[in-house]
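Below: the structure, in structure tokens.
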Amino acid sequence: MDNSTLSALAEIRKHLVTQAKFNNQTKNIYPDSYVYAIGKSVHPIFQEDILDNFCDNNEKLALYPFTQIYSISYNQVTEVNLFLNEKRMDKKDIKFKDLEEHYKNIWNVTDIQDCLIKICRYLYLSEAFDKAFWNSLILNHRVEILQINQDFKISEVFPFLNP
């Protein structure tokens, strides 16, 4: 399948997943973290890990061809998740600025802050760590960082849509 077809299918999927949140009968089909990830082009690692139990890599790609279209990759999301988990397990205090400093020279990303906000937001919505951890991470930061631990609103993904 060529990239333009795949991108078109991914866009259709994004609209279908998002629209499910507006119908009372379907609003709970997809977790908020998944809707956020699809809408922001963050690889939803927690929802797709289910495939690991049932498929090899070729089967996984056939079942889930969208892995290559995310602007924030599986490896990036997994890496941040593991890094934050390591800090939490070592009981080391980490702030968002430390996260930015750590990744700014590792990844070739135009806007490292935006990328990390999206990853952390997805991890927060996936309940990857407790609220105390997230509150500590964003303590004394700029307003844009504070969005990480807010309740999910569909307008984050589609600002022009209001339920």
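The values are calculated or read from the model by the stated rules, or taken from the named source; none is laboratory data. The structure presented is a predicted model; accordingly, all values stated were derived computationally and were not measured. Counting neighbours? That spans all protein chains shown, and the Cβs are built from the backbone with ideal geometry, glycine included. Ligands, DNA and RNA are stripped out before the accessible areas are found, and what is left, the full protein with its side chains, is counted by its heavy atoms. Shrake-Rupley method; radii C 1.70, N 1.55, O 1.52, S 1.80 Å.
What to note about this one:
- Degrees separating the helix 112-125 axis from the principal Cα axis of the chain, which is the longest one: 80
- The helix-only estimate of mean residue ellipticity at 222 nm for the chain, built from DSSP H runs of length n ≥ 4 each weighted as -39500 (n - 2.57), is -15500 deg cm²/dmol after division by the residue total.
- In this calculation the C-beta distance from S41 to E86 is compared with R0 = 30 Å, giving a FRET efficiency of 0.70.
- Rolling a 1.4 angstrom probe over the protein heavy atoms with all chains in place gives the chain an accessible area of 59 Å² per residue.
- Convex hull volume per residue, computed on the Cα atoms of the chain, equals 143 Å³.
- Full extension of the chain between S136 and T110 yields a length gain of 6.8 nm, computed as 0.36 nm times the residue separation minus the alpha carbon distance.
- Among the trypsin sites (Lys or Arg not before Pro) in region 62-163, those placed in a DSSP loop whose Cβ has at most 10 other Cβ atoms within 10 Å are K91, K92, R142.
- Share of carbon and sulfur in the accessible heavy-atom surface of the chain [1.4 Å probe, %]: 50
- Dipole orientation for the chain: of the candidates A37, I69, Q150, Q150 has the Cα lying most toward the positive pole (charges on Cβ; Lys, Arg +1; Asp, Glu -1).
- Value of relative contact order over region 75-163, rounded to a whole percent, pairs C-alpha under 8 Å and six or more apart: 28
- Close Lys pairs in the chain, defined as Cα atoms under 12 Å apart and 8 or more places apart or on different chains, number 4.
- Charges were assigned to the Cβ only: +1 to each Lys and Arg, -1 to each Asp and Glu. The resulting dipole of the chain about its Cα centre is roughly 480 debye.
- Electrostatic bookkeeping for W134 treats Lys and Arg as +1 and Asp and Glu as -1; over the other residues with beta carbon under 12 Å from its beta carbon, the sum is +2.
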